[in-house]
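What follows is a short report on a single structure.
The values are calculated or read from the model by the stated rules, or taken from the named source; none is laboratory data. Just so you know, these numbers come straight off a predicted model, no measurement behind them. Note that each Cβ is placed from the backbone with ideal geometry, even for glycine, and that neighbours are counted across all protein chains shown. Just the protein is used for accessible areas: all its heavy atoms, side chains included, with ligands, DNA and RNA removed. Shrake-Rupley method; radii C 1.70, N 1.55, O 1.52, S 1.80 Å.
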Amino acid sequence: LQDAVPPRPIEEVHDTVCAALGLAAIEDGFEEFDDEPVGSASIAQVHRAVQLGGSGSGEVAVKVRKRGIEPLFRQDMFALRALAAAVAWAFPDHDRRELAAYLCEAVTRELDLQQEGEAMERVR
């Protein structure tokens, strides 16, 4: 995981947000949407926005998972587990399969932005 990654093209960001929210255009859901991300990391990037009026209006942070990232992380997690298993077989005193499983679980949680959003709602 990296915390300073070049942002994805804004057209891709808009398409991803619109598809996730069932919008025809970004303007259908937001009064304002800052095309310059607040931050961009390996999994997602975050944009400031203001929702359209109504009960859910107000300033929000829109976290957008980067396209195609999930299969790459799944491959990395498979390789990590395989490497940990090989090390455990070759060096039984250095079994790190539990650590690999923990890391894979943590990455899986990081990929689930819906779960993260629900957790943020509980905190508010």
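Consider E70 carefully, then state whether it is under 26 Å from I10 (Cα atoms), of a type outside the set (A, V, I, L, M) and in contact (Cβ under 8 Å) with a residue 40 or more places away in the chain. The answer is yes for E70. Of the residues screened, Q51 is not one that is within 18 Å of the chain's Cα centre (by Cα) and surrounded by 12 or more Cβ atoms within 10 Å (Cβ to Cβ). Report yes if Q2 is within 25 Å of C104 (Cα to Cα), among the polar types (S, T, N, Q) and at pLDDT 85 or above, otherwise no. Considered against the rule, which asks whether it is within 25 Å of C104 (Cα to Cα), among the polar types (S, T, N, Q) and at pLDDT 85 or above, Q2 comes out as no.
For the residues E31, E36, the requirement of being farther than 15 Å from E110 by Cα, of a type outside the set (A, V, I, L, M), open to solvent by 30 Å² or more (accessible area, probe 1.4 Å) and in contact with a strand residue (DSSP E or B) (Cβ under 6 Å, 6 or more places away or on another chain) singles out E31. Answer yes or no as to whether V107 is in contact with a helix residue (DSSP H, G or I) (Cβ under 7 Å, 6 or more places away or on another chain) and either polar (S, T, N, Q) or assigned to a helix (DSSP H, G or I) (or both). Yes: the conditions hold for V107. If I ask for residues that are assigned to a helix (DSSP H, G or I) and among the acidic types (D, E), which ones from the stretch 22-72 would you list? E27, D28, E70, listed by residue number.
Hey, among the residues in the stretch 3-16 that are in a helix (DSSP H, G or I) and touching a strand residue (DSSP E or B) at 6+ places or on another chain (Cβ under 7 Å), which one's surrounded by the fewest Cβ atoms within 10 Å (Cβ to Cβ)? Looking at the filtered set, the residue picked out is T16.
Residues of the stretch 17-28 that are touching a strand residue (DSSP E or B) at 6+ places or on another chain (Cβ under 9 Å) and open to solvent by less than 70 Å² (accessible area, probe 1.4 Å): V17, L23, I26. Mind checking whether some residue in the stretch 76-96 is surrounded by 12 or more Cβ atoms within 10 Å (Cβ to Cβ) and of a type in the set (F, W, Y)? So far as the stretch 76-96 goes, no, none of its residues is surrounded by 12 or more Cβ atoms within 10 Å (Cβ to Cβ) and of a type in the set (F, W, Y).
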